[in-house]
Amino acid sequence: MTRWALRTATTSYQVRLAPGGAWAELAYWGPAVEETLAPGPLEYAGPTPYSTAADAAACEYAPYGVRHFAQLDLIAERDVRGTVWRHSGDDLLDKDGTTELRLIFTDPSQRLTATLCYRVSRAHDVVERWAEITNDGDTPLRLERARSAAFTMPTPGGARLHHLHGRWAQEFQTGEVELRHGRFTLENRLGVTGLAHSPWLAVQPLDEPDGPTWSTALAWSGSWAIDADTDAAEGVTRVSLGRLPVEAAVELAPGETFTSPPACGLYSPDGLAGAARAWHAYQRGLRRDVTPPVVYNSWFATEFEVRADEQLELARKAAAIGVETFVVDDGWFVGRDDDRGGLGDWEPDPAKFPGGFDRFIAQVRELGLGFGLWVEPEGVSPRSRLYAEHPDWVYQVPGRPMTTIRNQYVLDLGRADAAAWAHATLDGLLSRYDISYLKWDMNRPMTERGAGPDLDGRHVANYYGILEALRRDHPGVVVEGCAAGGGRADLATAARCDVLWPSDNTGPLDRLAVQHGFLQAFAPHLMSSWVTDDPGFFATAPRSRAFRYVTAMAGVLGIGADISAWDQERLDEAARWIALYRSIRDVVQLGEVHRHGDPRGPFYAVEYARGDTVVLLSWRTGDARGSATHVSRPPRIRPHAVDPAARYRRRDDDSRHSGAALAAVGLAPLPDDTTDASVVILDRL
């Protein structure tokens, strides 16, 4: 065969071989079509002055040697730098609604085989792609660059690129770039997914902001890069995604195969909103059949001052308001009285739990609560026993100073002995104690990694391996992924954790902006959010307690405030909000999401729909309208998910509405300035 047509739930992805088999190229990617298009709209057979045919083509994977001037995905070197391959085989497998395609290319001179891999499913619209590069020679093969894949999109006149950027406490901020000619690059060298950029990008033609949208994401939790090259005259944008070998090129031993992380892409005809829903549908397919519980986390209440009696008092109050799991955060283990010690010595501190840790957990369990624990397996304190016994287990360059960030080093998880210790430590905690929730944190990036084969790849591979082993051996444990907030939010971690922590910032307005961006790339069942009393860092204007609860209810609700300081009125209020959330949890976590507006504007809402129920969460994010003294019509929301032919009952006031009226006229969830947030629930009659 020389053409392959792959079908997702609603789209087609069609690939063809170039004449002579020198490369594979994308012929069409868009709404589903039944026929194989020949030629496809992305194919080009015209003149290429001052260039080559490969440089002009929509190459699916471009090695230096096949391409010479345009964007590259593979740079390999052995004796000679560059690869000139030919198609040497292919395999297509259809099974249970999933299609896998493997296109094989070989370069007998460089003694290299590359397999370009594709996987699609009729259950979602994501195209998963990765590359397998094999060293067929008897000497090492050096991979200076080995991306996962490249996706080409038609963007006549230029492209509008959407990305997510940020920093600690301000993650997932939405950004937009207009690009007509040149390159836009996102790059992360931290060794973890990162806070400054997310490995996600969306592309639209410049003149169609609400129309066809292509989006890509990399399933990788280490260093990475995304390049988007646009040429308005040529009418395409090409996005290349993959790992970023920071310390050194990847070197393959004879017979060894490098497998890139999956690069995922999707098409939606419905703009950014449709792309977000397509990502959500894909991620729901990755999840286990686990419902993340309503947690109480003790960090804001006690920080490092963990004492069993105080924790139990918090647990009693948490149980009384409807919390389902009590999580003890940092400070529970020996040597951890501040952030300068203890990391690596994962044993309960007997001074903090004088009656025994087993007994403490049993007392929490007797309250009807699950029990959870915070850990940071990759963190090592310089004054820990672990470091004293195994100083060679942390990243370092012999003879050079070692950098501490947050007063800690980083465990070299790529070492087999260090990874075995980390797994045995976590497995031991989960086996020895009645733990149902584990929060895995990672609070600093990598430095002084030194020399060695593929340090980033080995670290990430063992991180994945430990998570997979824990989930296999302890299936009842809910795992939360965290890295100084949202520093490890990516498709690979999302596939191995049940919930993610998007930010350490729980201020109501700041948090809402974080969550808005998070929901562009990630589904609500992954989005952990707490109610606290923290004012935030940036947008610190006071907001009501209702605003905080509704914000936290937009994903996986948790409570993180110091509830020991709350009076009975506040506790009763919390109980009402938690009960309301639990009544709509399945709709919020697993429903179809429509965002209305932007939290940077005066009004914002998020709509969730599942089955016969529509939930609308609304916030006044700007100034009061002066509704008590001035003419001011309230903003209205027209729900997208209602059926115009049906009728609906609004739970809070028992009013009835036709779906047609709701879709056309909408409703006013915040009629005046007396409240700045609300929950509206519509049930189909």
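Bear in mind that the values in this text are calculations on the coordinates, not laboratory data. All of these numbers come straight from a predicted model, not from anything done at the bench. All Cβ positions, even for glycine, are placed from backbone atoms using ideal geometry, and neighbour counts span all protein chains on display.
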Task: Label point distance in nm, ARG570-GLU132, each placed 7 Å from Cα along Cα→Cβ - done: 5.7
- [ ] Among DSSP beta bridges lying fully in the chain, give the percent that are antiparallel, nearest 5.
- [x] 85
Task: Sites ALA668 and TRP168 - FRET efficiency at Förster radius 25 Å, r taken between beta-carbons, to 0.05 - done: 0.10
- [ ] At 7 Å along the Cα-to-beta-carbon direction for both ARG189 and ALA32, put a label point, then send me their distance in nm to one decimal.
- [x] 4.5
Open item on the list: With the cut-off at 1.5 for a/c, could you classify the range 261-340 from its C-alpha gyration tensor as rounded, prolate or oblate?
Closed with: prolate
- [ ] Go ahead and estimate [θ] at 222 nm for the chain from helices alone: -39,500 (n - 2.57) per DSSP H run with n ≥ 4, summed, over the residue count, rounded to 500.
- [x] -6500 deg cm²/dmol
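Sorted by packing (mean other beta-carbon atoms within 10 Å per residue), highest first, where do 18-24, 174-180, 114-120 land?
114-120, 18-24, 174-180
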Task: Part-to-part distance (alpha-carbon centres) for the range 416-443 and the range 312-331, which is given in Å - done: 22
Open item on the list: Whole-Hz ³J(HN,Hα) for each residue in the range 237-250, computed from phi via Karplus 6.51 cos²θ - 1.76 cosθ + 1.60 with θ = phi - 60°, x for glycine and proline: what do you get?
Closed with: 10, 10, 10, 10, 10, x, 5, 10, x, 6, 6, 6, 4, 7
- [ ] For SER655 and THR291, compute 0.36 nm times the residue count separating them, minus their Cα-Cα distance, and round to one decimal in nm.
- [x] 127.9 nm
Open item on the list: Less than 30 Å apart at the alpha-carbon level, and either on another chain or at least 8 residues along: which lysines does that give for LYS317?
Closed with: LYS352, LYS439
Open item on the list: Among PRO354, TYR464, THR325, which residue has its Cα furthest toward the positive end of the charge dipole of the chain, with +1 on Lys/Arg Cβ and -1 on Asp/Glu Cβ?
Closed with: THR325
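Please give the contour-minus-distance gain from ASP210 to HIS630: 0.36 nm per residue of separation, less the Cα-Cα distance, rounded to one decimal in nm.
That works out to 147.7 nm of additional length.
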- [ ] Using a/c under 1.5 as the rounded threshold, could you call the range 3-286 rounded, prolate or oblate? The axes a ≥ b ≥ c are square roots of the C-alpha gyration tensor eigenvalues, and prolate needs a/b larger than b/c, oblate otherwise.
- [x] rounded
TODO: Could you give the size of the charge dipole of the range 297-501 about its Cα centre, using +1 on the Cβ of each K and R and -1 on the Cβ of each D and E, expressed in debye and rounded to the nearest 20?
DONE: 160
- [ ] Putting +1 on Lys and Arg Cβ atoms and -1 on Asp and Glu Cβ atoms, find which of ALA9, VAL203, GLY222 reaches farthest to the positive end of the dipole of the chain.
- [x] ALA9
Open item on the list: Just to verify a number: FRET efficiency for THR52 and ASP338, C-beta to C-beta distance, R0 = 45 Å, to 0.05?
Closed with: 0.15
Task: Label-point separation, ARG582 to ARG610 (7 Å along Cα→Cβ), nm - done: 1.6
Task: Cut-off under 5 Å, modelled amide H: who pairs with LYS439 long-range - done: LEU373, TRP374, VAL375, GLU480
TODO: Work out, step by step, the length gained on full extension between ALA196 and THR10: first 0.36 nm times the residue separation, then minus their alpha carbon distance; give nm to one decimal.
DONE: 63.7 nm
Open item on the list: Under the rule of at least 5 residues apart or a separate chain, name every residue whose amide H is placed under 5 Å from the amide H of ARG145.
Closed with: ILE75
TODO: Kindly write out, for the range 197-214 in residue order, the coupling ³J(HN,Hα) from the Karplus curve 6.51 cos²θ - 1.76 cosθ + 1.60 (θ = phi - 60°), rounded to whole Hz, with x marking Gly and Pro.
DONE: 9, 9, x, 8, 8, 10, 10, 9, x, 4, 8, 9, x, 10, x, x, 9, 10
TODO: Compute the label zone of ALA646 within the range 8-24: residues whose backbone N is under 15 Å from the point 7 Å along Cα-to-Cβ.
DONE: none
Open item on the list: Within a 10 angstrom radius of the beta carbon, how do GLU569, GLU310, GLU305 rank from fewest other beta carbons to most?
Closed with: GLU569, GLU305, GLU310
Open item on the list: For the range 1-80 and the range 189-222, what is the centre-to-centre distance using only Cα atoms, to the nearest Å?
Closed with: 21
Open item on the list: Only four residue types carry charge here, +1 at the Cβ of Lys and Arg and -1 at the Cβ of Asp and Glu. Report the dipole size of the chain about the Cα centre in Debye, rounded to the nearest 20.
Closed with: 1040
TODO: Kindly list the residues of the range 321-337 that lie in the label zone of TYR433, defined by a backbone N under 15 Å from the point 7 Å along the Cα-to-C-beta vector.
DONE: 326-337
Open item on the list: Once R0 is set to 25 Å, what does the formula 1/(1 + (r/R0)^6) return for the Cβ-Cβ distance between ASN407 and LEU244, expressed as a FRET efficiency to the nearest 0.05?
Closed with: 0.35
- [ ] Could you tell me the distance between the Cα centroids of the range 591-613 and the range 625-647, to the nearest Å?
- [x] 13
- [ ] Hand me the chymotrypsin sites (Phe, Trp or Tyr not before Pro) from the range 425-458 located in a DSSP loop with no more than 11 other Cβ atoms within 10 Å, in residue order please.
- [x] none
TODO: Classify the range 605-684 as rounded, prolate or oblate, taking a ≥ b ≥ c as the square roots of the eigenvalues of its Cα gyration tensor: rounded when a/c is under 1.5, otherwise prolate if a/b is larger than b/c and oblate if not.
DONE: prolate
Task: Estimated dipole of the range 218-353 in Debye, rounded to 20 [Cβ of Lys and Arg +1, of Asp and Glu -1, Cα centre] - done: 680
- [ ] Output ³J(HN,Hα) for the range 466-482: one whole-Hz value per residue in order, computed from phi by the Karplus curve 6.51 cos²θ - 1.76 cosθ + 1.60 with θ = phi - 60°, and x for Gly and Pro.
- [x] 5, 4, 5, 5, 5, 5, 5, 8, 9, x, x, 8, 7, 10, 10, x, 8
